[in-house]
Structures are given as C-alpha cells and as structure tokens.
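The values are calculated or read from the model by the stated rules, or taken from the named source; none is laboratory data. Everything numeric here is computed off the predicted structure, so don't read it as measured data. FYI the Cβ positions are ideal-geometry reconstructions off the backbone, even for glycines, and counts take in every protein chain you see. The accessibility values were calculated without ligands, DNA or RNA, using every heavy atom of the protein model including side chains. Shrake-Rupley method; radii C 1.70, N 1.55, O 1.52, S 1.80 Å.
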Amino acid sequence: QVQLVGSGGGLVQSGGSLRLSCAASGSIWRINAMAWYRQAPGKQRELVSTMTTGGSANYADSVKGRFTISRDYAKNTVYLQMNSLKPEDTAVYYCNAGLQTTWYRSYEDYWGQGTQVTVSS
C-alpha cells in the first residue's frame, strides 16, 4: 500500500510565504514525476508544478517566479515553496506521484489527501 501525506498548509496574509511538503511511503519500487495540483472552490483541479526524476521542473504561468518545487529523492518527498502569495492562490493543494509499486507494474498515479492554503487580502 502506498500513502502520500501532505502538510504545511495554513492561513497567511497576501505577500506571505508557505512551504508544503508531501512524503510518499509504503510499497514503492520507483517514483517517476511528482507534482502539485490545486483546486479552488467551484473550480477544476489544476496543475501547479511538476518535477521529473531528472530534476526538470515546470510551472503554471500563474505561479512562475513565485513558487519553487523541489524533491528529496532519498526521502521520497516533494516540496513546494510558495512566496509572494496572493488571494487567488487560495485552494486545497494536492500532491501527486507517478510510481511503480513493483518492477513489473506500470506507473500509476497516487494522490495525497490535500492541504488547505488560504491567503487573506
């Protein structure tokens, strides 16, 4: 069984910073990309940032220059440093990992439970 446990959300004023963490644990053979998504009330879930196994990072245009994704490969953990936060960043943030549980299985998507980020104006 695989678990992704996210943490680090909270309430912050506009212009502030937060750092999200998400650790994958359990029966993991290999992790490919890890990512962060978010879903605001009444909106669809959207991709915020991804990082491949090789360390290549991509960002949504709305967060470029403000958010930074990183990974600790030894700990199977992905981070999202969020600076210069805006009220429109308010959402539930979900971590995602594409991983194999054994060498002969295909990569599958696993999700964290979500962590609330609220930015007040």
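Here are the numbers:
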quantity: Whichever residue in the stretch 66-75 is part of a strand (DSSP E or B) and among the hydrophobic types (A, V, I, L, M, F, W, C) and, among such residues, is nearest to Gly98 (Cα to Cα); calculated: Ile69
quantity: Filter result for the condition that a residue is surrounded by 15 or more Cβ atoms within 10 Å (Cβ to Cβ) and outside any strand (DSSP E or B), over Val78, Val63; calculated: Val63
quantity: All positions within the stretch 1-15 that are part of a loop (DSSP other than H, G, I, E, B) and in contact (Cβ under 8 Å) with a residue 40 or more places away in the chain; calculated: Gly8, Gly9, Ser14, Gly15
quantity: Filter result for Val78 (aliphatic (A, V, I, L, M) and over 16 Å from Gln3 (Cα atoms)); calculated: no
quantity: The stretch 92-110: number of residues that are among the hydrophobic types (A, V, I, L, M, F, W, C) and either exposed (fewer than 14 other Cβ atoms within 10 Å of the Cβ) or farther than 30 Å from Ser27 by Cβ (or both); calculated: 1
quantity: Index of the failed condition, Arg38 passing every other in (1) charged (D, E, K, R); (2) closer than 23 Å to Gly10 by Cα; (3) in contact with a Ser or Thr (Cβ under 8 Å, 6 or more places away or on another chain); calculated: (3)
quantity: Qualifying residues in the stretch 81-91 (those that are part of a strand (DSSP E or B) and out of contact with any helix residue (DSSP H, G or I) (no Cβ under 8 Å at 6 or more places or on another chain)) - the one surrounded by the fewest Cβ atoms within 10 Å (Cβ to Cβ); calculated: Gln81
quantity: Ser70, sole failed condition from (1) open to solvent by less than 80 Å² (accessible area, probe 1.4 Å); (2) under 27 Å from Val12 (Cα atoms); (3) in contact (Cβ under 8 Å) with a residue 60 or more places away in the chain; calculated: (3)
quantity: Count of residues meeting criterion [within 19 Å of Ser25 (Cα to Cα), out of contact with any strand residue (DSSP E or B) (no Cβ under 7 Å at 6 or more places or on another chain) and of a type outside the set (A, V, I, L, M)] in the stretch 49-76; calculated: 2
